[in-house]
Amino acid sequence: MKGCRSCTHWKNLEIDLDRIDPATANLHVQIGACQRHAPRPGATAAAAPGPGNLETMPWPRTASDDWCGEWEPNFQ
């Protein structure tokens, strides 16, 4: 089944959500970091507007049952 959990770029952070992942045997959905595309510098709410006030955003967090459509399966 397609989902972040089976992508080579997804790193499990082992944070459980309060719902069942339909592709697993009654296991909870987990949160992970999508490392498909490197984080890019961007303005954040904490940074004052202006040139040079950019911060690198962290890897985006996704749920194990999310799917972007660009996945590469992590099957051995």
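Computed values, structure above
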item: Hits in the range 49-69 - residues which are modelled with pLDDT of 80 or more and open to solvent by 80 Å² or more (accessible area, probe 1.4 Å); result: Pro58, Trp59, Arg61, Trp67, Cys68
item: Asp21 being at pLDDT 90 or above and charged (D, E, K, R); result: no
item: Restricting the range 1-18 to residues that are modelled with pLDDT under 90 and among the basic types (Lys, Arg), the residue that is least open to solvent (accessible area, probe 1.4 Å); result: Arg5
item: Within the range 29-48, considering residues that are open to solvent by less than 80 Å² (accessible area, probe 1.4 Å) and assigned to a strand (DSSP E or B), the one modelled with the lowest pLDDT; result: Gly42
item: The range 1-16 residues that are part of a loop (DSSP other than H, G, I, E, B), paired with ones that are open to solvent by less than 70 Å² (accessible area, probe 1.4 Å) and not hydroxyl-bearing (Ser, Thr, Tyr) (beta carbon under 6 Å, 6 or more apart); result: Met1/Ala23; Gly3/Ala23; Gly3/Asp65; His9/Gln35
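The values are calculated or read from the model by the stated rules, or taken from the named source; none is laboratory data. Only a predicted model underlies this, so the values are computations on that prediction, with no experimental measurement involved. Note that we place each Cβ from the backbone using ideal geometry, even for glycine, and neighbour counts take in every protein chain shown. Accessible surface is based on the protein model in full, side chains and every heavy atom, while ligands, DNA and RNA are left aside. Shrake-Rupley method; radii C 1.70, N 1.55, O 1.52, S 1.80 Å.
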